[in-house]
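Engineer: Starting off with a structure, shown below.
The values are calculated or read from the model by the stated rules, or taken from the named source; none is laboratory data. Because the structure is predicted, anything quoted here is derived from the model rather than measured. A quick note on method: Cβ atoms are made from the backbone with ideal geometry, for glycine too, and the neighbour counts reach across all protein chains shown. Note: accessible area is taken over every heavy atom of the protein model, side chains too, but ligands, DNA and RNA are not part of it. Shrake-Rupley method; radii C 1.70, N 1.55, O 1.52, S 1.80 Å.
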Amino acid sequence: MTVSAIEFTRLGAPKLHLFAMKCDKCKELSPWWERSHCYKCGHDTLTEFELAGKGEITNYTVVYYPPREFLGQEPYVVGHILMDEGVTLPAPVMGVAPDAVEVGTRVAATLRRMKLGHEGDIYYSYKFVVDDDPAPKKAAPARRAAAKKPAAKKPAAKKPAPRRPAARKK
Amino acid sequence: MSMRVGVLGIGKTPHKIQHEKSLKDLGVEAGRKAMADAGVDPSEIQMLYVGNVGSVGFNYENSTALMAAHHLGVVPAGAVRVEAACGTGAWALHLGCVAIASGLYDTVMVLGMEKMNDLATVEGTSIIAQAADSKEEYFSGLTFPSGTALTARKYMQAYGVSEEDLAHTSVKNHFYGARNPSAHLRFECTVEEVMNSPKVADPLKLYEVCPMTDAASALVLCREEILRAQPNRPQVYVTATSMASGTWYQASDTLDDAYNLFHRPATRAYEMAGVTAKDIDVAEIYNSFAIQEPLGIEGLGFAKMGQGWKGAKDGSTWLDGKIAVNPSGGLLCKGHPLGATGATQAVDIVEQLRGTAPEGMQRADAEIGISACRGGPGSVGAIHIYQRLEG
């Protein structure tokens, strides 16, 4: 049961930028995997929508028994992060002890090593760290409202500008 | 439409780690037991539906329905394998019921089987994770236990339920699991022991998680007239089969979705069987993780949303309660041999209606039973209703 490096070209590179899919019709944001139709209104055209990288932990678990690709990282925290733009994404949260995670914590995205592929290929992607911004935004806006008015885009300078394919449009 | 599919025979292997037996051995053992119980010869089986999830990963075998057909001696009956995550065994049963109800076949066999312990836990965990979007959502390091842990915390947050409250579900299951000779885990435990068991995926603890198990279960189904013509046999019929799909992602799986996963197909099933939730005596509800039992209890209409956990604490879902939920010990104790589970639930309910469940597990005068199987992050809902219908 091995997955070849061929898959890496499909899964690896696209995970180097943090985006959601935005419905062309109702503007609802969905996680990056919803490419065929909008979960809310059923419309079939969605466009990649860059996220600023800030959000809040709304739910979390601690993984003590990981799949093989994550071996050695356990125990690790995986949270549901409600992004300021209004979409919830699952992602590891770093730098917090398993017994100190708290719902409501402000977090910021950072590019890290995610996992090892079956051929030793290293997958990088976004994980989250506690946001030490001295003036964190007040409570995250309601989901629908947020979708209307995306948070100001951060300059990409902080992150290594990843090479990525042009935004896909179905 | 109404439906009556006769349950002519049942059979199951012990549910445990069985290094000495192959997947083939398990399937043959359960299938032969069911045919012996039914009093049929392999040549009488006209179609074989095999539920098996992960043989390609777990055992490096494929096309396991064809293997089973050969070794059970049912050739030239048609044989096919069906897969729908943890709902696989229930789906095989559904196809068996449809085959009989359609009038196309007289006698068919449903066989669920899984051999999970040829691999180490980490490999098994990786294979099981393929029953979700392992490339995209589970790219984040999620596994089935941790994905379900997110559901558990969501439930606790929404209804103000504590970990101790939820622990009662495991206590109840283990009370009966200890009495089930074919269960994988056979010990009783207390709320404290559940709370103190090692964390698997916070807030889920070891005693709230099912083990990986090797097992197979089989049923021989027939047309109503065939069973009616044998009045000395227990007159147990499947009177409803109803399937649904649901969300494929944990992140978008709301508590409403979790409720609807059972509520929608159960509503159709009750209508099909002409019964209501209040009529049910005994239920086998999927609980590979303890939190899924209260969710299932609610979806089936035995309790309101957010209240499903209470029965294990106040006694109303124990054997002599309002409704007996998982008197087999559930998946928490029987284990969860993926493709077999749905079939095992069916076999356990049929035993209840026949009055042949092991001592300490038999619901008195059980006449109507239900099995509810689910699969994927919230992706399969499978409901079957069974009735003892004399004369």
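Engineer: Could you please report the charge total around B:ASP281, scoring K, R as +1 and D, E as -1 over all other residues with beta-carbon less than 9 angstrom from its beta-carbon?
Structural biologist: -2
Engineer: How fast does chain B diffuse by Stokes-Einstein, in µm²/s, taking the Kirkwood radius from C-alpha pairs at 20 °C and 1.002 mPa s?
Structural biologist: Details: Rh = 20.3 Å.
Stokes-Einstein gives a translational diffusion coefficient of 106 µm²/s.
Engineer: Starting from the Cα of A:TYR39, move 7 Å in the Cα-to-Cβ direction to define the label point; list residues of the range A:52-71 whose amide nitrogen is under 17 Å from there.
Structural biologist: A:56-61
Engineer: Give me the percent of the accessible area of the range A:53-133 that comes from carbon and sulfur atoms, probe 1.4 Å, all protein chains in place.
Structural biologist: Accessible surface attributable to carbon and sulfur in the range A:53-133 totals 49 percent.
Engineer: If you bin every alpha carbon distance in the range B:136-212 into 10 Å steps from zero, what whole percent lands in each bin?
Structural biologist: 19, 45, 28, 8, 0
Engineer: I'd like the trypsin sites (Lys or Arg not before Pro) in the range B:59-140 restricted to DSSP loop residues with at most 16 other Cβ atoms within 10 Å, sorted by number.
Structural biologist: B:LYS135
Engineer: In addition: For the range A:32-91 and the range B:248-323, what is the separation of their C-alpha centers, rounded to whole Å?
Structural biologist: Centre-to-centre distance over Cα atoms comes out at 28 Å.
Engineer: Something else now. Computed over the Cα atoms of the range A:61-127, what is the convex hull's projected area averaged over all directions, in nm²?
Structural biologist: Averaging across all directions leaves 4.8 nm² for the Cα convex hull.
Engineer: Nearest 100 Å² is fine: what is the total accessible surface buried where chains B and A meet, probe 1.4 Å? Could you put the intermediate results ahead of the total?
Structural biologist: On the way: alone 14370 and 10110 Å², together 21530 Å².
Approximately 2900 Å², summed over both chains.
Engineer: Give me the net charge of B:GLY160's neighbourhood, meaning all other residues with Cβ under 13 Å from the Cβ of B:GLY160; Lys, Arg count +1, Asp, Glu -1.
Structural biologist: On the way: positive: B:ARG153, B:LYS154, B:LYS310; negative: B:GLU163, B:GLU164, B:ASP165.
Net charge in that neighbourhood comes out at 0.
Engineer: With the crude spin-label approximation of a point 7 Å out along Cα→Cβ, what separation in nm comes out for A:GLU119 versus B:PHE187?
Structural biologist: 4.5 nm
Engineer: If you don't mind, there's one more thing I want to ask. Counting other C-beta atoms within 10 Å, and keeping those with at most 10, which DSSP coil GluC sites (Glu not before Pro) do you find in the range B:335-372?
Structural biologist: Details: sites: B:GLU351, B:GLU359, B:GLU367; in loops: B:GLU359, B:GLU367.
Answer in residue order: B:GLU359.
Engineer: Percent relative contact order of the range A:53-133, based on C-alpha pairs within less than 8 angstrom and at least six residues apart?
Structural biologist: After rounding, I find 31 percent.
Engineer: Now a separate question. Return the subset of B:LYS154/B:LYS313; A:LYS54/B:LYS172; A:LYS115/B:LYS199; A:LYS115/B:LYS12; B:LYS12/B:LYS322 for which the Cα-Cα distance in this structure is over 31 Å, preserving the input order.
Structural biologist: A:LYS54/B:LYS172; A:LYS115/B:LYS12
Engineer: Still on this structure, please answer the following. So what's the gap between the Cα centers of the range B:27-76 and the range B:136-169, to the nearest angstrom?
Structural biologist: 36 Å
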